[in-house]
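Asker: Encoded as structure tokens, here's the structure I'll be asking about.
The values are calculated or read from the model by the stated rules, or taken from the named source; none is laboratory data. Being a predicted model, the structure only gives us computed values, none of them experimental. Neighbour counts are summed over all protein chains in view; Cβ atoms, including those assigned to glycine, are modelled from backbone coordinates with ideal geometry. The accessibility values were calculated without ligands, DNA or RNA, using every heavy atom of the protein model including side chains. Shrake-Rupley method; radii C 1.70, N 1.55, O 1.52, S 1.80 Å.
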Amino acid sequence: MNVTTALSQLNSLNTKFESVFHQLELLFPQLTNRNAPSVLSKIHTEISSIGAGLDSGAKTSETAASFSERYTPIFDKLNEKISDLQSLDKMIAEIKEDSEQMELIALNAMVISVKSGEKGLAFSRITENLQRLSKDMFLYSDKLFEEEKELLEQINSLKAIFTGIISTQKTIASKDSECSSEIRHMISNVTPVISSIENQVSEIYPSIEKTSTVLGDKAAIKAEFKAASSALSELEKSGTDFTKPQSDLDFAISAFDRAYSSISRISSIFSQNCMTFAGNWGQVIDILDQGDNSRMEFESRFLNNHAFGNDNLLKQISSVIEKYQSMISEFSNYHLVQKDLHACSQSITSRAKSIYSVFESLRPVMNRLHHVRILQQIEVSKNEAIKSVQDSVTDMDNLINSANSSLDNMQEVLESFINDTGEMLKKFTSSIARDNEAMLSLKNDKEVIFGDLNNGKSTIEHAFQTFTVFPDNFQNKCVVIQQNLQDFMRLNSEVGAFASELESEKIALLQQKTH
């Protein structure tokens, strides 16, 4: 055998060895990365994320229930106050009736005073003032009726808004419960299947890791290639002539023997590696096949739009997304109505104060009526010409006292109403603000789930085209390793053949030496 040819063959084998091991060194770490994501694991992550937000469903129902529990007593008290306002109606009606009677009496007194001529002129002027004041009292009474009517309308609006809020909260809680139920059903169906496939897939990693142990012999193989190359290189550099003296033959035999020993050891390592490689890689192939079968079953059940049953993930998530959109819209409606509730509460307080303001304007009128009544009495007592209106003055006095009594009662009712409802609505508006924050927090929770649902939908839509149970390109990399296994086995055969050639050359030299 030509030494140069032997070196060339050796270098070729070494190059192939380096190439195969370099490929394996790149691929095995990628395949043994258990954290590498697959489409299946992405679906699992998305579904777990969706499921993690379901606890807020109970929170929604709890908030809705507490809202009703806390505010219904407030409206019961408000109804009690409305009954007070109904008693106010009676008082206003009495004042209005008194003012009408006073005006009529004043009109009769005017007629008598006019008939009295010059003697009745002073009384006539006094009576004109009384008539004007009674008209003012009548107008203020009407104004009180109008203000009270508007106040009752505001209270009824508050009740309607409150009823709307309760209805909206119940709708939100109902939709949330429905969505949660659908999501739980979906999760309970798909999660066990995903977990089973993931457990099945995870079994591939120990087999790959065992296969990768062949890389541990790289240093030993390189050392043997180097030793063989060194022996043949020394022989080539020596320029030994195999037909010349005995010492040259001994040197050549020794060189070939050392090269043969190194290549034999490489062949032995390669043979062991081939057995390790083939045995463990067979298990990898089996798991890949099982994973592929599981993938097809999963696709058929959960990803196929034409599959029977209600397990299609995309359809289920799309249905829940639609309901979540509707629910989030209800949150927006809720916040709009909450603003109306707050504004209406403040308006009730303002309207009650407005009634009191009208009442305060009516009180001076009553005081002036008292003053005019006194003037009337004085004038009647000193003017014989108008003695006939004495009874009218007495009646007027009774009417004024009656109206004044009604005013006193009205003041008591109004002050009680303003104080009680003011304090009650102040607490109510503060509570509304807190509830608004709670509902805003709930809305944010729902929007997070809504985002998770949309992400899950995108992942599943992508899964229709690229669904895998192994990480991206995992199977392609396995194909490359499979090819390297075949290269490894061919290389093992070449190494064995080369070892045989070296052994044959050594034997030939030994025979030459004996001759």
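Asker: Answer yes if at least one residue in the range 184-198 is closer than 23 Å to P29 by Cβ and modelled with pLDDT of 85 or more, and no otherwise.
Answerer: Step one: list which residues in the range 184-198 are closer than 23 Å to P29 by Cβ, which gives 198.
Those left that are additionally modelled with pLDDT of 85 or more: 198.
Within the range 184-198, one or more residues are closer than 23 Å to P29 by Cβ and modelled with pLDDT of 85 or more.
Asker: Output the residues belonging to the range 118-138 that are open to solvent by less than 70 Å² (accessible area, probe 1.4 Å) and without any contact (Cβ under 8 Å) to a residue 24 or more places away in the chain.
Answerer: Hit for the range 118-138 is S124, nothing else.
Asker: Same structure again: Kindly indicate the residue of the range 36-53 that is at pLDDT below 85 and surrounded by 18 or more Cβ atoms within 10 Å (Cβ to Cβ) and also nearest to the chain's Cα centre (by Cα) among those meeting that condition. I'd like the intermediate steps shown before the answer.
Answerer: Taking the range 36-53 as the starting set, the residues that turn out to be at pLDDT below 85 are 49-53.
In the following step, the residues that additionally are surrounded by 18 or more Cβ atoms within 10 Å (Cβ to Cβ) were identified as 50-51, 53.
Working: I50: 9, G51: 11, G53: 7 Å.
Looking at residues that are at pLDDT below 85 and surrounded by 18 or more Cβ atoms within 10 Å (Cβ to Cβ), I get G53.
Asker: From the set of residues in the range 387-442 that are of a type in the set (S, T, Y) and within 30 Å of T127 (Cα to Cα), which is most open to solvent (accessible area, probe 1.4 Å)?
Answerer: Residues of the range 387-442 that are of a type in the set (S, T, Y), as a first pass: 388, 392, 394, 402, 405-406, 416, 421, 429-431, 441.
Next cut, within 30 Å of T127 (Cα to Cα) only: 388, 392, 394, 402, 405-406.
Values: S388: 81, S392: 30, T394: 61, S402: 49, S405: 57, S406: 5 Å².
In this case the residue turns out to be S388.
Asker: Next question, about the same structure. Based on what the data block shows, is F270 out of contact with any Asp or Glu (no Cβ under 6 Å at 6 or more places or on another chain), surrounded by fewer than 18 Cβ atoms within 10 Å (Cβ to Cβ) and aromatic (F, W, Y)? So that I can check it myself, show each step before the final result.
Answerer: Values: out of contact with any Asp or Glu (no Cβ under 6 Å at 6 or more places or on another chain): yes; surrounded by fewer than 18 Cβ atoms within 10 Å (Cβ to Cβ): no; aromatic (F, W, Y): yes.
So F270 fails the test.
Asker: If you check every pair at least six apart or on different chains, which have Cβ atoms under 7 Å apart with a residue in the range 268-280 that is under 13 Å from V495 (Cα atoms) and at pLDDT 90 or above first and a residue that is polar (S, T, N, Q) and in a helix (DSSP H, G or I) second?
Answerer: F270/N492; S271/N492; C274/N492
Asker: While we're on this one: When residues of the range 199-214 are filtered for being in a helix (DSSP H, G or I) and surrounded by fewer than 17 Cβ atoms within 10 Å (Cβ to Cβ), how many remain?
Answerer: Going through the range 199-214, the residues in a helix (DSSP H, G or I) turn out to be 199-202, 204-214.
With surrounded by fewer than 17 Cβ atoms within 10 Å (Cβ to Cβ) added as a condition, the list becomes 199-200, 202, 205-206, 209-210, 213.
Selection size over the range 199-214: 8.
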